[in-house]
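One structure is given below, encoded as structure tokens.
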């Protein structure tokens, strides 16, 4: 049985994230809470294989981030982590520095439990399949249907990008299955061909916080469909982007 995946919180001297551990535990994800980067470094060295997400405030010394990332890589280099900034939205120069430091997602205050669940779901559910990292992925809770021949599955799109998506479902299609995906966007249905590149089917049960499902890549997006997808992702970028 695999160890449960965990988040690592690195708080500031002001204890800005003191309430975050309980909020994360309530949605079923384990947490390591540290009060500063020195404590975070010790936890990273001891618990690297379990840590999948690192959360911290916007005011951060990037040398400290890199030290923790290096400790995580040195012990479990095969595991990919997501950096998430949590707090009040800073000015654009700070956001540029955060992006340059490898931060992928943000929880800008105020955020509710739905947003927290979406961001953690995005960070935890997409570690098993590769996608070019220059293409941002954003958390969603879109309802969709995946078709393969006469087989149909109702799914939830938990992460979405211009290249693909992660579809939550207890009964995913097998890898390399070609599907048609019908997604309910706010302005109507989006229809696209896709291929399953990662599937939980036949594997051990997904650990807590890591919903079962399948990762897909889009194929031959129609220009009009791609334009609608870009507009929708722009809205997600305003909400969860750095």
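Odds and ends about this structure:
- A single entry from 119, 85, 31 fulfils the requirement of being at pLDDT 95 or above, surrounded by 13 or more Cβ atoms within 10 Å (Cβ to Cβ) and closer than 21 Å to residue 160 by Cβ: 85.
- Residue match in region 171-178 (condition: more than 30 Å from residue 49 (Cα to Cα), buried (at least 16 other Cβ atoms within 10 Å of the Cβ) and modelled with pLDDT of 85 or more): yes
- Residue check, residue 99 in a helix (DSSP H, G or I), over 13 Å from the mean Cα position of the chain (by Cα), at pLDDT 85 or above and surrounded by fewer than 17 Cβ atoms within 10 Å (Cβ to Cβ): yes
- Lone qualifier among 40, 76, 18, 44 - being over 20 Å from the mean Cα position of the chain (by Cα), farther than 13 Å from residue 120 by Cβ, assigned by TED's automatic domain parsing to the domain that holds residue 118 and in contact (Cβ under 8 Å) with a residue 12 or more places away in the chain: 40
- Hey, residue 18 crowded, with 16+ Cβ neighbours inside 10 Å and either farther than 22 Å from residue 159 by Cβ or touching a helix residue (DSSP H, G or I) at 6+ places or on another chain (Cβ under 7 Å) (or both) or not: no
The values are calculated or read from the model by the stated rules, or taken from the named source; none is laboratory data. Just so it is clear, the structure is predicted and the values come from calculations on it, not from any experiment. Virtual Cβ from ideal backbone geometry, glycine too; neighbours counted across all protein chains shown.
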